[in-house]
Number of protein chains: 2
Amino acid sequence: MPKKKMAEKLTSRNKDYSKWYNELVVKANLAETSAVRGCMVIKPYGYAIWEKMQAELDKMFKATGHENAYFPLFVPKSLFEAEEKNAEGFAKECAIVTHYRLKNDEDNPGKLKVDPEAKLEEELIVRPTSEAIIWSTYKKWIQSYRDLPILINQWANVVRWEMRTRLFLRTAEFLWQEGHTAHETKEEAVFEAKQMNDIYAEFAEKFMAMPVIKGLKSESERFAGAVDTYCIEALMQDGKALQAGTSHFLGQNFAKAFDVKFANKEGELDHVWATSWGVSTRLMGALIMTHSDDNGLVLPPNLAPIQVVIVPIYRGDEELNQVSIVANNIKNELELKGISVKYDNRDNFKPGYKFNEYELKGVPIRIAIGPRDIQSNSVEIARRDTLVKSKIKVIKVVDTVKNMLAEMQKSLFDKALSYRNENITLVDSFEDFQNVLNKKGGFISAHWDGSPQTEEFIKKNTKATIRCIPYHYKQEGGVCVYSGKPSKQRVLFAKAY
Amino acid sequence: MPKKKMAEKLTSRNKDYSKWYNELVVKANLAETSAVRGCMVIKPYGYAIWEKMQAELDKMFKATGHENAYFPLFVPKSLFEAEEKNAEGFAKECAIVTHYRLKNDEDNPGKLKVDPEAKLEEELIVRPTSEAIIWSTYKKWIQSYRDLPILINQWANVVRWEMRTRLFLRTAEFLWQEGHTAHETKEEAVFEAKQMNDIYAEFAEKFMAMPVIKGLKSESERFAGAVDTYCIEALMQDGKALQAGTSHFLGQNFAKAFDVKFANKEGELDHVWATSWGVSTRLMGALIMTHSDDNGLVLPPNLAPIQVVIVPIYRGDEELNQVSIVANNIKNELELKGISVKYDNRDNFKPGYKFNEYELKGVPIRIAIGPRDIQSNSVEIARRDTLVKSKIKVIKVVDTVKNMLAEMQKSLFDKALSYRNENITLVDSFEDFQNVLNKKGGFISAHWDGSPQTEEFIKKNTKATIRCIPYHYKQEGGVCVYSGKPSKQRVLFAKAY
């Protein structure tokens, strides 16, 4: 029987973290690069994880009164300009559609060329985000306070012409959701922006088992066009921070740019208050980098497409049949409890190959069953995060698996939380700042004078940026770690993805 | 209290079917045109129906072993050319990305222009369908028979630069799913193509309550690049046919165009066999046109986002409170049975306004509760398709609603089936063909000599095309309705969307 070559070992995280990540994404069959520069193919296993993320987030959005809708992929240049006035800082690197027809190239048989006669009067931008197209639509929908609030979310693809791309973390095209809401009052909009950031945090911690710090962005890290940007920040195993989600209080900026007014309860015209918020396939990168190890992916059970894999150990059909009876019974019982199980009885791969494969793919629990297990009414059960194996009586398998999944979900979170907390370092001098950043990494909690100039200087000289001004940090007087000027509270700096 | 203007009556179907459709789509809040030529905004209510369609189809795809994945939005022109050789007939009207950056227009402050220095070396086509990008990827995935079958589906947006567009039925950008599978043998691929067409038919009949005829396309109606195209065809209320889904047996055409070979079990290299299949937001148009009436949308319960709406009739807070207790009890009990219920207690709209609104939006069942109903322990229940109202004791509401929803689902299908069957006319002369087509419309079942020339002549002279060669039609000798040449079986002609 032909045998697939055993996958080579991953580069270790210590040796080259970045290489480890790139290899892992490809070898675990999550995604790969495509024929289009900067665009990725999300493979079925990676997409199945994304689908689980989508399903949970979508439930949370709907439970808070949001509805899904769909807006056009393209933004006419003129709408982009209207927004641009409002958001000068927004990058202009984007995919631009200028023509609408190909034709046969007379000079090169079998080749096609752009038909110069099919030039668009106005260029179309492939959406990098949808504020412009959505607010030009909301203008038609909103006349009075009774048309508010509008609480809409969109699941979509967006394109930003990034020069340096990495699978999931930064790609030219990526998948995301973008919420766009319209409100009568400032208070409502602020509440909404904070609420959605809280939902992102809850999702990250409960499902991704990834601890996050909630906070506000500084002015220079804020979304251009936002009055305030709320965010959740996570820490990866290499000591770099990753912005996992943002929620923007947009004030009346977009309403003014697109002239969206409503008659309030007093009959007066006022501009609408707005928010927008989004998370993307970047979360896949965060998930991978938070838990995985040198053997491959480690998935929190709550997002694992396959929670339990059963591998039969056998020689010949008779043994396989015996093992299969037990395996299928266990599979059925686990599925009745809502646990997703794969029984891998492929005949052309050896158990050792399968063990490696599921380790690489981060399946939380592996059950192996051989003829001796049948004799002793037991199975071997292995947990992906700890790699600990144990023998369990068949009768106890369902309870053990249930508990183990819950325990693993919690344990992954706790482990990531300890690591994160150990890697928040308080510093009070710029020398310490640089030392900690270069030797230890992680978040640096330091006083900052609040000026963009100081922030810019620190960024230029250390590559660290202000990740967020955490909600939970107390107001306390201090002196800026760089300028020595007065500071009101500490903020979190880090190098970031 | 400000009162919203009552929506004007829809144009009736008899007066102007096309206008009726356009008005209905907009007034029922399903979709509207956007600032981008030919692209639509799918509004929350329309999108909620699409989401229900997606959920059911996705379940059916997964139950037959398919997985979802995601491939890039863009297709490099060179890949498009490789496919083009294979599929000369494919339209070249598509959106073409030529540049990747905007810059400030020095001559027009506040305006942007395309940066001429940011011209792409190779133009990118916004995918009109993904065979090219997917098969260039499969080439990397497939070496041996053990890598087969590949059973992948993608939910995505696609763009075709249509000149004449109509909401849902034909738009420049639309949402769809596209399945792309790769197989070892011809038999497997043919089985897959037929299976997916059967799944489309089952979905159309079971969920959309829309009867369809399954069949093969004639050569000239076939997808360019396919060996055989299977399809489902439905009949709209204006006597025009609508192609609701297609499934293509692609033979080895794409494997050859993209050089995808595999080592078979005998160790020999062979080209892979392929299928592709898709349905789109066009199904929304089909759903609307199959059941709706002059009062608005009629939705089959299986796809209705709101299956039951409860409207309180009251004066003053005390009456509202009394009614709300009963209404909320009913709502809870129905929801326990998995029925989706909306209790519309908005205070700034009158009951009559609400009745019209939900009639327009096609909510299957409306329950009205007033103070007199409270006295008599009853409610008024109205069924959207028949518009019949009846009084029901509160204690019987849950059973009545359950039965009524099931009955309505069946009745909508039966009604559409009768209409469809009454509008299949057998004709045996070209004169009858023309008469029936112009006076009655619908499907015409006629003998055809099998030649593309005859088909083309009939199309030119009558605007009718061969919709399909039905599976279930018996092989029977006859003479072609146009040429008088021998024919093997009848086929179905119609004017079509």
- Meets criteria (within 17 Å of the chain's Cα centre (by Cα), under 30 Å from residue B:75 (Cβ atoms), at pLDDT 95 or above and not polar (S, T, N, Q)) for residue A:172: yes
- Message: Looking at region A:432-448 only, could you name the residues that are crowded, with 18+ Cβ neighbours inside 10 Å and in a helix (DSSP H, G or I)?
- Response: A:433, A:436, A:437
- Looking at (1) assigned to a helix (DSSP H, G or I); (2) under 25 Å from residue B:241 (Cβ atoms), find the lone condition where residue B:385 falls short. (1)
- Item | residue A:319 being over 28 Å from the mean Cα position of the chain (by Cα), surrounded by fewer than 21 Cβ atoms within 10 Å (Cβ to Cβ) and in contact (Cβ under 8 Å) with a residue 60 or more places away in the chain | no
- What strands (runs of 3 or more DSSP E) lie completely within region A:248-290 and have 3 or more residues being of a type in the set (A, V, I, L, M, F, W, C) and either surrounded by 22 or more Cβ atoms within 10 Å (Cβ to Cβ) or touching a residue at least 12 places away in the same chain (Cβ under 8 Å) (or both)? A:273-280
- Query: Can you spot a residue in region A:461-483 that is of a type in the set (D, E, K, R) and without any contact (Cβ under 8 Å) to a residue 12 or more places away in the chain?
  - Reply: no
- Task: Could you check region B:16-121 for helices (runs of 4 or more DSSP H) lying wholly inside it with 1 or more residues that are out of contact with any helix residue (DSSP H, G or I) (no Cβ under 9 Å at 6 or more places or on another chain), in contact (Cβ under 8 Å) with a residue 12 or more places away in the chain and farther than 23 Å from residue B:161 by Cα?
- Result: B:17-27, B:44-63
- Counted residues, region A:314-370 - those being aromatic (Phe, Trp, Tyr), under 25 Å from residue A:403 (Cβ atoms) and not in a strand (DSSP E or B): 2
- Item | Residues within region B:14-65 that are basic (Lys, Arg), over 15 Å from the mean Cα position of the chain (by Cα) and more than 11 Å from chain A (Cβ to nearest Cβ), tallied | 4
- Task: Name the single residue, out of those in region A:449-464 being closer than 15 Å to residue A:436 by Cβ and touching a Lys or Arg at 6+ places or on another chain (Cβ under 9 Å), that is surrounded by the fewest Cβ atoms within 10 Å (Cβ to Cβ).
- Result: A:463
- Here are some conditions: (1) surrounded by fewer than 19 Cβ atoms within 10 Å (Cβ to Cβ); (2) modelled with pLDDT of 95 or more. Residue A:163 meets all but one. Which one does it not meet? (2)
- Query: For region A:132-160, what are the residues that are among the β-branched types (Val, Ile, Thr), in a strand (DSSP E or B) and either at the interface with chain B (Cβ under 8 Å from one of its Cβ atoms) or crowded, with 23+ Cβ neighbours inside 10 Å (or both)?
  - Reply: A:152, A:159
- Task: Check region B:426-434 and report whether any residue there is in contact (Cβ under 8 Å) with a residue 12 or more places away in the chain and under 25 Å from residue B:293 (Cβ atoms).
- Result: no
- Query: Is at least one residue of region A:136-151 closer than 17 Å to residue B:42 by Cα, hydrophobic (A, V, I, L, M, F, W, C) and without any contact (Cβ under 8 Å) to a residue 40 or more places away in the chain?
  - Reply: yes
- Can you tell me which residues in region B:184-199 are in contact (Cβ under 8 Å) with a residue 40 or more places away in the chain and surrounded by fewer than 23 Cβ atoms within 10 Å (Cβ to Cβ)? B:184, B:185, B:186, B:188, B:190, B:194, B:195, B:199
- Task: Those residues that are touching a strand residue (DSSP E or B) at 6+ places or on another chain (Cβ under 7 Å) and either of a type in the set (Phe, Trp, Tyr) or more than 15 Å from residue A:126 (Cα to Cα) (or both), I need them from region A:165-177; list them, please.
- Result: A:167, A:168, A:174, A:176, A:177
- Query: Do we have residue A:257 as modelled with pLDDT under 95 and over 30 Å from residue A:367 (Cβ atoms) here?
  - Reply: yes
- Got at least one residue in region B:463-480 being assigned to a helix (DSSP H, G or I), within 25 Å of residue B:238 (Cα to Cα) and β-branched (Val, Ile, Thr)? no
- Message: Just to check your reading of the model, which residue among A:418, A:411, A:429, A:390 is surrounded by fewer than 20 Cβ atoms within 10 Å (Cβ to Cβ) and within 16 Å of residue A:490 (Cα to Cα)?
- Response: A:429
- Message: Could you go through region A:74-81 and let me know if any residue there is surrounded by 23 or more Cβ atoms within 10 Å (Cβ to Cβ) and more than 7 Å from every other protein chain (Cβ to nearest Cβ).
- Response: yes
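The values are calculated or read from the model by the stated rules, or taken from the named source; none is laboratory data. This one's a predicted model, so the numbers in the text were calculated from it and none came from an experiment. So basically every Cβ, Gly included, is an ideal-geometry build from the backbone, and we count neighbours across all protein chains shown.
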